[in-house]
Amino acid sequence: MKHIFILNPNAGKGTVAETLTQQLSGSNFDWELYITKAAGDSIRFIREWCDTHPEPVRFYACGGDGTIHEVANGIYGYPQASMSCYPVGSGNDFVKYYGGRERFLDPVALCNAPEMSIDLIKVNDHYAINACHFGLDSCVAAMMDKLRRKKVLGGKRAYPVSVLYAFFKGMRHRATITVDGESVCDTDFLLCTAANGTHVGGSYHCAPRSDNQDGLIEFCLIRCISRFRFLSMINKYKAGTHLEEPSLQKFIVYRRCKSLKVSAPEGFLVSLDGEVHRMPEFTAEIIPSAILFAVPEQK
């Protein structure tokens, strides 16, 4: 099998290429490193490779959730391709489903890792491997895009600063939402997550019941609440206990579903694995066993 490491040059403070080379030198794997040139470049590279190489290949997303998102979108539809990741981003949300980034930081173990089929969420013409979220979450993600590479407010500080911004500017969003044909919202709401993974924003356990092999989306909508209640909810949302909290139940709509449809005003922001899009009308549907993902054995 060919092993291709797709590196976002902005990840890992510029040392990832050297580290990977040191860790893989002397191994018997047929591997190479590709450094992306711009947003979307890894999708183009992967599809062009797969169009001309029918033999088995595994691509490794070396970066954060945005890089994982692009690699998943690149390999979808190519049966000879699988993927894994070398998580060196600021949030690394997707790998929290598997216990955290440390499990994925040995490239030799990655190359030897067994593959499993996992689901994807199709959102119009895009695919999310971790989560599709909107409302306050997409407001936060849009602000993160502006802050992530700022010296003072960037990196790991970008998310809490963005949450603070949304606390004042993003507490109300309007959309009509149906879940498997059932109307669940036709007015304002706070946030909504359609998840395949378990975490967003670096530390928020938004979908504690998620199973990325069950052919279902974990849907959770939180209705508009006061800022005071929002502050009291944050720690529960981080811990993943919000679905069991009695005081929150009248504000939460939770479903496990196959699809959902959203109709919203122009300019409506939607975050797919942290990548922000403007989608006033969209359908999100689960694609069962969509791609092969390699997970190293627990040590």
So how far apart, in nm, are the two label points at S263 and R172 if each is 7 Å from Cα heading toward Cβ?
2.2 nm
Post the alpha-carbon centroid distance, region 31-80 to region 205-284, in whole angstrom.
29 Å
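Taking every DSSP beta bridge with both residues inside region 51-140, roughly what % is antiparallel (nearest 5)? Can you show the working numbers first?
On the way: 3 of 10 bridges.
Just about 30 percent of them are antiparallel.
Test of understanding: what is the full-extension gain from K2 to Q22, defined as 0.36 nm times their sequence separation minus their Cα-Cα distance? If you can, show how the numbers build up before the last one.
Working: separation 20, 0.36 × 20 = 7.20 nm, distance 1.84 nm.
Extra length available between K2 and Q22 comes to 5.4 nm.
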Taking protein heavy atoms only, a 1.4 Å probe, and rounding to whole percent, the accessible area of region 83-219 owed to carbon and sulfur comes out at 50 percent
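Excluding D180 itself, calculate the net charge of residues whose Cβ lies under 12 Å from the Cβ of D180, where each Lys or Arg counts +1 and each Asp or Glu counts -1. Please report the intermediate quantities before stating the final value.
Working: positive: R255, R256, K258, K261; negative: E182, E285.
Net local charge, D180 excluded: +2.
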Between beta-carbons, use under 14 Å as the cut-off and find the net charge around I6, counting Lys and Arg +1, Asp and Glu -1.
0
Quick check for you: which residues of region 24-66 have the amide N under 19 Å from the point 7 Å beyond the Cα of K13 toward its beta carbon?
62-65
Under 10 Å, Cα contacts only: if you run a Gaussian network model on the chain, which one of D51, D214, D41 comes out with the highest mean-square fluctuation?
D51
Could you sort out which of K150/K250; K2/K146; K238/K258; K13/K258; K96/K169 sit more than 32 Å apart by Cα distance in this structure?
K150/K250; K2/K146; K13/K258
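Taking 0.36 nm per residue of separation and subtracting the Cα-Cα distance, what length does fully extending N124 through R209 add? Walk me through the numbers before you get to the answer.
Numbers: separation 85, 0.36 × 85 = 30.60 nm, distance 2.47 nm.
Roughly 28.1 nm would be gained on extension.
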Surrounding net charge for C139, when Lys and Arg each add one and Asp and Glu each subtract one, Cβ distance under 14 Å
+2
Each label sits 7 Å from Cα toward the beta-carbon; between I287 and E102 the label points are separated, in nm, by 3.4 nm
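Whole number please: convex hull volume per residue of the Cα set in region 137-213, in Å³?
Working: hull volume 8.0 nm³, N = 77.
Residue-normalised Cα hull volume stands at 104 Å³.
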Solvent exposure of the chain as accessible area per residue, Å², 1.4 Å probe:
44 Å²
Based on Cβ point charges of +1 for Lys and Arg and -1 for Asp and Glu, what charge dipole magnitude is obtained for the chain about its Cα centre, in debye rounded to the nearest 20?
1400 debye
Quick one: what are the phi-derived ³J(HN,Hα) couplings along region 124-141, Karplus 6.51/-1.76/1.60 with θ = phi - 60°, whole Hz, x for glycine and proline?
6, 9, 10, 10, 10, 8, 10, 6, 10, 9, 8, x, 4, 4, 6, 4, 5, 4
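Carbon-plus-sulfur fraction of the accessible area of region 1-81, 1.4 Å probe, in percent? If you can, show how the numbers build up before the last one.
On the way: 1950 of 3760 Å².
Of all accessible area on region 1-81, carbon and sulfur atoms account for 52 percent.
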Alpha carbon convex hull of region 38-82, volume per residue in cubic angstrom:
59 Å³
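Find the all-direction average of the projected area of the Cα convex hull for the chain, expressing the result in square nanometres with one decimal place.
Average projection, Cα convex hull of the chain: 15.2 nm².
Only bridges with both residues in the chain count here: give the DSSP antiparallel percent, nearest 5. Mind showing how you got there, number by number?
Numbers: 50 of 70 bridges.
Of all bridge pairs located within the chain, approximately 70 percent are antiparallel.
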Given a Förster distance of 35 Å, report the FRET efficiency between C224 and A39 from their Cβ-Cβ distance, rounded to the nearest 0.05.
0.60
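Taking the convex hull of the alpha carbon atoms in region 1-98, what volume per residue do you get, in Å³? Walk me through the numbers on the way to the answer.
Working: hull volume 9.6 nm³, N = 98.
Roughly 98 Å³ of hull volume per residue.
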Hey, rough spin-label estimate for F29 and S232, points 7 angstrom out along Cα→Cβ, what's it come to in nanometres?
5.0 nm
Please list 266-278, 189-201, 236-248 highest first by mean number of surrounding beta-carbon atoms within 10 Å per residue.
189-201, 266-278, 236-248
Gyration tensor on Cα atoms of region 156-285, a ≥ b ≥ c root eigenvalues, a/c under 1.5 rounded, else prolate if a/b beats b/c, else oblate, says rounded
Net length gained if the chain between D51 and K299 were fully extended (0.36 nm per residue, minus Cα distance):
85.7 nm
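Counting pairs of alpha carbon atoms under 8 Å apart in space and at least six apart in sequence, what relative contact order in percent does the chain give? Walk me through the numbers on the way to the answer.
On the way: 650 pairs, mean separation 63.0, N = 299.
Dividing the mean separation by the residue count of the chain yields 21 percent.
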Suppose R0 equals 35 Å. What FRET efficiency, 1/(1 + (r/R0)^6) with r the Cβ-Cβ distance, do E115 and T241 give to the nearest 0.05?
0.60
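The values are calculated or read from the model by the stated rules, or taken from the named source; none is laboratory data. Please read all numbers here as calculations on a predicted model, not as lab measurements. When we count neighbours, we look across all protein chains shown, and the Cβ atoms used for this are built from the backbone with ideal geometry, even at glycine. SASA here: full protein model, heavy atoms, side chains in, ligands and nucleic acids out. Shrake-Rupley method; radii C 1.70, N 1.55, O 1.52, S 1.80 Å.
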